[in-house]
Amino acid sequence: MTARLDEFLIGVRHQREWGWLVITYLFLGGAGAGLFLISLYIDHAWAGVLGLLVVILGTLLLFLDIGRPERFWRAFLRPQTSWISRGCFFISLLIVFGGVHLASQLLGPGFLRWGSETFLGEFSKAAAAGAAILVMIYTGFVLSPSPAIPFWNSALFPIIFFAYSLLAGIDFLLLSSPVLPGPSVDLIFLEKTQTYLGFACLLLILSHLSVMSSSAVAARESIRLLTRGRWAGLFLGGVIGAGLVIPLLLAWPIVGHEVRTIFAFTAALALLRLFGDYLFRFLVIRVGLYDPLL
Amino acid sequence: MARYGMAIDLGICIGCNACTMACKAEHAAPTGIFWGKVLEKEVGKFPAARRIFLPVLCNHCKNPICMEVCPTGATHKRGDGIVLIDYDMCIGCRSCMEACPYGPRAFYEGNGNYYPGQQTLFESAKQDFPEGIVMKCDFCVDRVDQGMDPACVQTCPTECRVFGDLDDPQSELSRLVAEKKARPLLPEKGLEPSVFYIGG
């Protein structure tokens, strides 16, 4: 292990503790929960299965990231103060209640004593939906409460993470729709939803940048890195341009009109948005900076 | 019950890093990991340019955000205000490192011996860290429990560090903090650190 030179300098300091495993978890965990949530709305059990699998895959990455994975169960011990601890409960609840709900739907009423129309069936569905929403939101709370990194210290973060998670979840559904068993997916409805969601994400990101531009030194440096510095190309070109503006401009003509669309078109837009979503989470973690101590 | 703290006079510190080395010797911190260190910065312009020094360590905050975000309870605070990490409970999630604005914590991935693959006699006698955990300054808790000052305080050749009880208004530390208008780092973060700085 070697120490970095900037560890010995007074000035703005980069966070280097969380890397691509955490970034990919943020992406997959949010996208999987978003996919599960939309699957409940459109009543598509196989999309829900895919959503849970994506959440589980993302969670496995977290296991790889922590220093002592064999002690993971200890992360459940402090839900009264720690958002990571709360997140462990949210993910567990999503997997358990989501699994029960999907089992009752896919394996038929003979598998469980209750059917999906009974109180217990409705309860497991509602609990799974609630857990999915919490999984989409809590990562924003993991980042936002700490005053250490001013760019993350924003009440908008949980909302942005929720919107981006739903956006990514629907994109996963759009891309997987040709191979998913079960009922066909209404591509036009989903694409219209994505247009509104993409617009909301754009407004939320611009609002966050606006708020942070008058915040602490480190937050202003984060914005400089994103808009004029090292990461400007990826942020402006990838997150804003390819991930939000281009899909919005291309999809806008179908909003409010009953038009036919083709899978290749929606798939291309979904890929652009997913690219932007991953980049967004990557850059949020990368531009996490600590205020100078003096 | 005491609340331990420290004052560091930046007007006296000469940036010799004796504290850094004393800390390494006391705790045998792995290669590349420093529980305490001296930051520096060049200020002013030639011919009036100079370097300023800032010795840093865990601030043992009264409201430790590291303890709040820790999902396992590994980070805990003693009654005397010293914030410690239980290595047997730490899972190495590094959320404490993200949450602390002062940067004193380090993640130990393992293989921190000076000679790769083998421990020196000193390391085998002093190092008892498991791999994959977070570590930091513990105010030399073993020394403090025996009535001694932390190693950095005892070693400083300029005596710029004073260790003591912040809750005792008669202690040298409390008097220094009051008389010299000592301030903690980043007080606006609301964590109420127990390490104060004079001048600078």
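Coordinate-derived values only; no laboratory data. A quick note: this is a predicted structure, and the numbers were derived from the prediction, not measured. When we count neighbours, we look across all protein chains shown, and the Cβ atoms used for this are built from the backbone with ideal geometry, even at glycine.
Here are the numbers:
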quantity	calculated
Dipole in debye (nearest 20) - segment B:77-157, about Cα centre, beta carbon charges: Lys, Arg +1; Asp, Glu -1	200
Global form of chain A, assessed from the alpha-carbon gyration tensor, a/c cut-off 1.5	oblate
Stretch gain in nm, segment A:Glu122-A:Asp6, where the contour uses 0.36 nm per residue and the Cα spacing is subtracted	36.3 nm
Pairwise FRET efficiency - B:Glu42 versus B:Leu121, Cβ, R0 = 35 Å, nearest 0.05	0.30
Paramagnetic reach from A:Leu271 (point 7 Å along Cα→Cβ, amide N under 18 Å) across segment A:138-178	A:168-178
Ranking of A:Leu250, A:Leu226 by count of other Cβ atoms within 10 Å, fewest first	A:Leu250, A:Leu226
Cβ-based net charge around A:Gly67, under 15 Å, with every Lys or Arg adding one and every Asp or Glu removing one	-1
Total charge dipole magnitude, the protein assembly as shown, about the Cα centre, Cβ charges on Lys, Arg, Asp, Glu only, Debye to nearest 20	940
Shielding by partners, peptide A:72-80 (average Cβ within 10 angstrom, other chains)	5
Highest-MSF residue in chain A out of A:Phe97, A:Phe76, A:Phe27 [GNM, Cα springs under 10 Å]	A:Phe76
Label-reachable residues, segment A:160-174, where backbone N falls under 16 Å from a point 7 Å from A:Phe263's Cα toward its Cβ	A:171-174
Pair B:Ile12, A:Phe76: separation of 7 Å Cα→Cβ label points (nm)	5.2
Straight-distance crosslink candidates among lysines, where the alpha carbon sits under 16 Å from B:Lys126 and sequence neighbours closer than 8 are dropped	B:Lys24, B:Lys136
Under the span-like rule (Cα at least 24 Å along the axis, Kyte-Doolittle mean at least 0.0), DSSP H helices of chain A	A:20-42, A:45-65, A:83-106, A:119-143, A:156-176, A:187-212, A:263-286
For A:3-15, mean number of other protein chain Cβ atoms within 10 Å	4
Förster-model FRET efficiency, 25 Å R0, B:Asp145 and B:Gln170, C-beta, rounded to 0.05	0.70
Label-point separation in nm, A:Leu156 to A:Arg230, each point 7 Å along Cα→Cβ	2.4
Estimated FRET transfer efficiency (A:Leu209, A:Phe189; beta-carbon r; R0 41 Å; 0.05)	0.85
Cα gyration tensor shape of segment A:188-294, rounded if a/c is under 1.5, else prolate or oblate by comparing a/b with b/c	prolate
Within-13-Å neighbourhood charge of A:Cys88 [Cβ basis; K, R +1; D, E -1]	+4
Sorted by Cβ density within 10 Å, fewest first, the residues B:Val38, A:Val284, A:Val185	B:Val38, A:Val185, A:Val284
Net +/- balance of residues flanking A:Gln194 in space, Cβ distance below 15 Å, scoring K and R +1, D and E -1	-2
Neighbour-count ranking [beta-carbon atoms within 10 angstrom, fewest first] of A:Ser144, A:Ser210	A:Ser210, A:Ser144
Longest DSSP-loop-exposure-free segment, GluC sites (Glu not before Pro), chain A, at most 15 other Cβ within 10 Å	A:118-257
Average other protein chain Cβ within 10 Å of Cβ, residues A:54-67	2
GNM result for chain B, Cα springs below 10 Å: residue of B:Tyr115, B:Tyr102, B:Tyr87 fluctuating most strongly	B:Tyr115
